[in-house]
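FYI, it's all coordinate maths here, none of it is from the lab. Because the structure is a prediction, the values reported are computed rather than measured. Here Cβ is always computed from backbone atoms with ideal geometry, including for glycine, and neighbour counts include all displayed protein chains.
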Amino acid sequence: MAEPKTRPTDADVDAFLDAAATLRRVEEGHRLNAIMREVTGTEPVMWGPSMIGYGSYHYVSPANPRTHGDWPKVAFSPRRSAISLYGLKDLPEGAALLPQLGPYTEGAGCVYVKRLDLINESVLRQLITIAWSRSDDPRR
């Protein structure tokens, strides 16, 4: 099995956030980091070169049990065009709550928001809490 490309690194989270493409993304990145740290109660870790993750869990692909690895329970990346949020829609409870977040689009494994100030922070906190509750149990 090939090694996953996205794994925890020792890179500095604050330095990464300070280097975001625009001043808005710098500010949104620091705000989102503060929210996620508060909700999860854990320190952030860089996953690969551009994702900030909180906690981790071990996944096993239902399609191929030989495909497995570790992934952050919840994560984000302040990209130029949108903030990518990971883990918020993976569990049924999160997927059901997602429409109340505010304006967003979906990718295969993430949710994109254009501006942090346009989404419902209370709903975001609930989505993070749901994602944080994830266990390694594949039946969850």
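For region 47-105, trypsin sites (Lys or Arg not before Pro) are listed when DSSP marks them as loop and at most 15 other Cβ atoms sit within 10 Å of their Cβ; the list is ARG66, ARG79, ARG80. The fraction of all Cα pairs in the chain landing in successive 10 Å bins from 0 to the largest distance is 12, 44, 35, 9, 0, given as whole percents.
Once C-alpha pairs closer than 8 Å and six or more residues apart are averaged by separation and normalised to the residue number of region 13-132, the relative contact order reads 22 percent. In a reduced charge model with +1 at each Lys and Arg Cβ and -1 at each Asp and Glu Cβ, the chain shows a dipole moment near 400 debye about its Cα centre.
Couplings 3J(HN,Hα) of region 7-13, computed from phi: 9, x, 10, 9, 4, 7, 4 Hz, in residue order, whole Hz [Karplus 6.51 cos²θ - 1.76 cosθ + 1.60, θ = phi - 60°; x for Gly and Pro].
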